[in-house]
1. Which of the numbered conditions does A:Gln9 fail, given that it passes all the others? Conditions: (1) outside any loop (DSSP other than H, G, I, E, B); (2) facing chain B (nearest Cβ under 9 Å).
2. Give the range B:58-79 a look and list any residue that's away from every other protein chain (no Cβ under 13 Å) and touching a strand residue (DSSP E or B) at 6+ places or on another chain (Cβ under 7 Å), or say none.
3. For the subset of the range B:97-122 comprising residues that are touching a helix residue (DSSP H, G or I) at 6+ places or on another chain (Cβ under 8 Å) and aliphatic (A, V, I, L, M), which member is modelled with the lowest pLDDT?
4. Report the residue count in the range B:312-326 for those that are surrounded by fewer than 17 Cβ atoms within 10 Å (Cβ to Cβ) and not aliphatic (A, V, I, L, M).
5. Is it true that some residue in the range B:202-218 is away from every other protein chain (no Cβ under 14 Å), at pLDDT 95 or above, assigned to a helix (DSSP H, G or I) and buried (at least 16 other Cβ atoms within 10 Å of the Cβ)?
6. On the given criteria, is B:Glu330 more than 23 Å from B:His179 (Cα to Cα) and of a type outside the set (A, V, I, L, M)?
7. Considering only the range B:271-299, state which residues are basic (Lys, Arg) and modelled with pLDDT under 95.
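The values are calculated or read from the model by the stated rules, or taken from the named source; none is laboratory data. These figures come from a predicted structure and were not determined experimentally. Note that each Cβ is placed from the backbone with ideal geometry, even for glycine, and that neighbours are counted across all protein chains shown.
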Amino acid sequence: MSLTLSDIQRIAHLARIRVTEAEAEQTRDQLNGIFELIAQMQAVDTAGVAPMAHARDVFQRLRADEVTEPDRRAAYQAVAPQTEAGLYLVPKVIE
Amino acid sequence: MQWETVIGLEVHTQLTTRSKIFSGASTAFGAEPNSQACQVDIALPGVLPVLNKGAVERAIKFGLAIGAKLNRVNVFARKNYFYPDLPKGYQISQFELPIVEGGSIDIQVPSEQAGQAETKTVRLTRAHLEEDAGKSLHEDFHGMTGIDLNRAGTPLLEIVSEPDMRSAKEAVAYARALHTLVTWIGTCDGNMQEGSFRVDANVSVRPKGQQEFGTRREIKNLNSFRFLEQAIDYEVRWQIEQIEDGHKIVQATVLFDPDTGETRMMRTKEDAHDYRYFPDPDLLPVKLEEDWIEQVRAAMPELPAAMRARFQRDYGLSAYDAAGLTSQRELAVFFTDTLALAGEANAKLVANWLQGELSASLNRDEKGIGAAPIGPAQLAGLVRRIADGTLSNKLAKQVFEVMWTEGGEPDAIIEAKGLKQMSDSGAIEKIIDEVLAGNPKSVEEFRAGKEKAFNALVGQVMKATKGKANPAQVNELLKTKLAG
């Protein structure tokens, strides 16, 4: 897959980003470089290789089940836009 | 046309940890709003989740209890959706590699023959760990919504069944069996009013005999067994009517309204969320070491199914009694404690008193077994006095009543209130003579062949002894007298 200059202009327009002619060319080359990288990775035969959930081959450390956090509501709510009766207030949402 | 109902349940069980799944904030119920929501729970920038060992351990315990496969490596994923009571913009859950896969739970369902029950196995798909969201309060804030994040980050184990149930009754039997199990092993307190055990039901119908499933609708957030049954019954009738009227069922999420007893549409599949699951980069895969699993296994209590079988086998109890006694761990423990003192030979008597008088009194006073004013030692004492003939059933009920309302040991109560059964046959004979002399008409009727007259005489004797005579003994003596 590779992008043309008009693809770049269209994406830039959708994203409301103004790009110059020179920037568009540079962006096209960079994006196409990324697509090449993806194509290269997709060409590798991964049959029989288990997918990784994380880039590092280590496991999660666990925490003892203890209450360690004090009530710091006043401090947190001091920087909240709007609170009342201990609640954070947000514009009305009803599903 | 004959229709068949197909039901699968998803149950959110709140785990009994002291602290949250990814933070050290308390999970205690009923606190001041946001007083138990720390920086991780309110999702301040830069905070990181740290997994609670207690939550993982409870999931292992549940997996072992249902004979499931425990994924030695399991992974947390982000489930993305936008809602103000989910301040991160995603819920941390498990998707591709949940901690528990497979397993099953046996339920008792009514069989074709009336009064009989048979065992049915419900397979489980999976159970995964996740965090709960906060709570939105839509009233009373002049057009704004109030957010309480105390519940955010509370550990949940979501337990998903296969679509193995075929009626609302079966779904309720499964939900009850699951409730018994999770409270039994202590992974969940089972408090449905507080939302610790919430049920979603996936319901569809299909013509009987058809292989493929019909289109399902999901009823969300049922928090009582009664609502679960009502909601499914309504939903099934509604779906059948729709199809018979020539409409198609559209996959949807619905809510049950307990006031009207109806389900109503919340959203259809078209506007269903695309959750864009992906592994959470803030959390590494979780490894379950074998020795940890074995430690958890070693600490497991005897499970209700095993105990039920043992009660039937060792004590000769009926399936009904055994199932009733193992419906709650505290009740089963009360039973075994009482039996240890009353003797195994009295198992049936103990079972009867526990499930009869004691359960009825608990229900009447709206008490749990833990709050019963009578303990195993008192009940055992009472049962021993019935077994050795000191108390008739009727007198035993009076002793029970005194123990329940005033307390005290059965022997002391029997002594103090003079509730001992009369066994002195001389004294009983004397009373019988008096009764026979005072009721010549009944005596004549009996001699003329009227069985009823005999019962009337027994009644008179029992009355004259204030219920303290042993009815069997009275029968015996009366028969001899009348024959003589």
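1. The single condition A:Gln9 does not satisfy is (2).
2. B:Phe62, B:Gly63, B:Ile66, B:Gly67, B:Ala68, B:Lys69, B:Leu70, B:Lys79
3. Our first condition is that a residue be touching a helix residue (DSSP H, G or I) at 6+ places or on another chain (Cβ under 8 Å); within the range B:97-122, this holds for B:99-100, B:103, B:105-110, B:117, B:120, B:122.
Still in the running and aliphatic (A, V, I, L, M): B:99-100, B:105, B:107, B:109, B:117, B:122.
On the way: B:Ile99: 98, B:Val100: 98, B:Ile105: 97, B:Ile107: 93, B:Val109: 85, B:Ala117: 75, B:Val122: 98.
Residue satisfying both the conditions and the ranking: B:Ala117.
4. 6
5. no
6. no
7. So in the range B:271-299, the residues basic (Lys, Arg) come out as B:276, B:287, B:297.
Across the range B:271-299, the qualifying residue is only B:Arg276.
Table: residues versus (1) over 27 Å from the mean Cα position of the chain (by Cα); (2) buried (at least 17 other Cβ atoms within 10 Å of the Cβ).
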site: B:Leu362; (1), (2): no, yes
site: B:Asp365; (1), (2): no, no
site: B:Gly370; (1), (2): no, no
site: B:Pro376; (1), (2): no, yes
site: B:Arg384; (1), (2): yes, yes
site: B:Ala396; (1), (2): yes, yes
site: B:Trp404; (1), (2): no, yes
